[in-house]
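The values are calculated or read from the model by the stated rules, or taken from the named source; none is laboratory data. Since this is a predicted model, take the numbers as computed values, not measurements. Cβ sites come from the backbone with ideal geometry, for glycine too, and all protein chains shown count toward neighbours.
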Amino acid sequence: MGLTFDDFKGRIIRPDEIEKLFEINPNRKEYTQKLPDPWDHSYIIVEDVLVNPYDVKDFFIHASYIAGTNDLIPDKTGAPGMQQPVANEWVKSFILYLRQLLYDHKITRRDITWYDFNCYNNMFWKNMIAIDSNYRPHVDPGDFAFNLFLSDDLHEDEGTAVFAMNMPDGQKWIDIRDMERRSGIHPRMISQRMDQGRVGEGKLDNWRYFQGDDVYDYVCTVPGGFNCLSGYRGSLFHTAVYDPKNYSDDHVRYSFVAMLALTSPSSMKSSFLTKNPNKS
Ligand SMILES: [Fe+2]
């Protein structure tokens, strides 16, 4: 039996429709915010970024299967929650807006194309498990991370928490690339410090809201809220703020992530990189 257009009813979207779907709100509020002293880095926030955030949320939910989950693959290390792939073609106009943000706010002047981003949706839920304590801070395998929050019932404390790493010799660093370049500390020592307090590769425990310990000082939270876009350097020590105590049992936190990857990842191990390339 052959196929007809009827078999693809509702599954075809034209470029003008998709551009309209991701229309940027002319009344959005864009600003950069410096981290608290003594840290020089800034993050970027755009409030009310989309005209049609609920339509975008529905589009993503129905656009593809959710392909990665620590619950289904217990020995998988990596990002918390579940991940849903997003093709760059679907979000091209939005990616071009992200690039413009980087230029307009003088975050970078480097050449960037719309396929220099890796895109996916993150799905966190109240009772999700953690693997190798992946609620603890990590650094991203990309240069700059954008998050667009698509759940409309997030607690006001939600977002991305940023930390400074304490070394035993008294040094404190907020950014692993700066640390590797300027601290004189061997990347392996940094990696070992990041492993402190973790339960171990492949080991499970409950997800929780990490707020700092002997290794990490809490610095601030890059805010997140419905239809709010945040952006920060992936080399900052950071973790998602998702505090289970704020939510009912079936709650889901859904967010779109666009990771700009222009340079190769930092030489240290990232909890978002697979340690063994044969085990992905
Ligand atoms: Fe991250």
Checklist outcome for this item: Over segment 81-91, the set of residues part of a helix (DSSP H, G or I) and either in contact (Cβ under 8 Å) with a residue 40 or more places away in the chain or buried (at least 19 other Cβ atoms within 10 Å of the Cβ) (or both) is Trp90, Val91
Next on the checklist: I need the full set of residues from segment 110-136 which are surrounded by fewer than 17 Cβ atoms within 10 Å (Cβ to Cβ) and either at pLDDT below 90 or β-branched (Val, Ile, Thr) (or both), in order please.
Outcome noted: Thr113, Asn127, Ile129
Checklist entry - Counting only residues that are part of a strand (DSSP E or B), polar (S, T, N, Q) and within 13 Å of the ligand (Cβ to nearest atom), how many does segment 128-168 have? => result 2
Next on the checklist: Checking the conditions here, which among Val162, Val199, Val139 is in contact with a Cys (Cβ under 7 Å, 6 or more places away or on another chain) and either buried (at least 22 other Cβ atoms within 10 Å of the Cβ) or farther than 17 Å from His238 by Cα (or both)?
Outcome noted: Val162
Item to check | Residue in segment 1-28 that is nearest to Ile95 (Cα to Cα), counting only those that are over 25 Å from the mean Cα position of the chain (by Cα) and among the basic types (Lys, Arg) | outcome: Arg14
Item to check | Matching residues in segment 104-127 - criterion: being closer than 23 Å to Ser64 by Cβ and more than 16 Å from the ligand (Cβ to nearest atom) | outcome: Thr113, Trp114, Tyr115, Asp116, Trp125
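Quick grid of which residues meet (1) surrounded by fewer than 19 Cβ atoms within 10 Å (Cβ to Cβ); (2) under 19 Å from Glu156 (Cβ atoms):
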residue: His238; (1), (2): no, yes
residue: Asp249; (1), (2): yes, no
residue: Phe256; (1), (2): no, no
residue: Leu262; (1), (2): yes, no
Checklist entry - Restricted to segment 237-257, and to residues that are among the aromatic types (Phe, Trp, Tyr) and assigned to a loop (DSSP other than H, G, I, E, B), which residue is farthest from Tyr209 (Cα to Cα)? => result Tyr247
Next on the checklist: Looking only at segment 165-190, filter to residues that are over 17 Å from Thr239 (Cβ atoms) and among the polar types (S, T, N, Q); which one of those is surrounded by the most Cβ atoms within 10 Å (Cβ to Cβ)?
Outcome noted: Ser183
Checklist outcome for this item: How many residues of segment 19-71 are among the polar types (S, T, N, Q) and part of a loop (DSSP other than H, G, I, E, B)? The answer is 5
Next on the checklist: Residues to consider are Arg181, Arg177, Arg193; find the one that is basic (Lys, Arg) and within 16 Å of the ligand (Cβ to nearest atom).
Outcome noted: Arg177
Checklist outcome for this item: In segment 1-52, anything among the hydroxyl-bearing types (Ser, Thr, Tyr) and either exposed (fewer than 10 other Cβ atoms within 10 Å of the Cβ) or farther than 22 Å from Phe226 by Cα (or both) is listed as Thr4
Item to check | Matching entry among Tyr232, Tyr242, Tyr247 (being in contact with a His (Cβ under 8 Å, 6 or more places away or on another chain), within 15 Å of the ligand (Cβ to nearest atom), in contact (Cβ under 8 Å) with a residue 12 or more places away in the chain and not hydrophobic (A, V, I, L, M, F, W, C)) | outcome: Tyr232
Checklist entry - Can you find a residue in segment 212-221 that is within 21 Å of Met123 (Cα to Cα), within 16 Å of the ligand (Cβ to nearest atom) and surrounded by fewer than 22 Cβ atoms within 10 Å (Cβ to Cβ)? => result yes
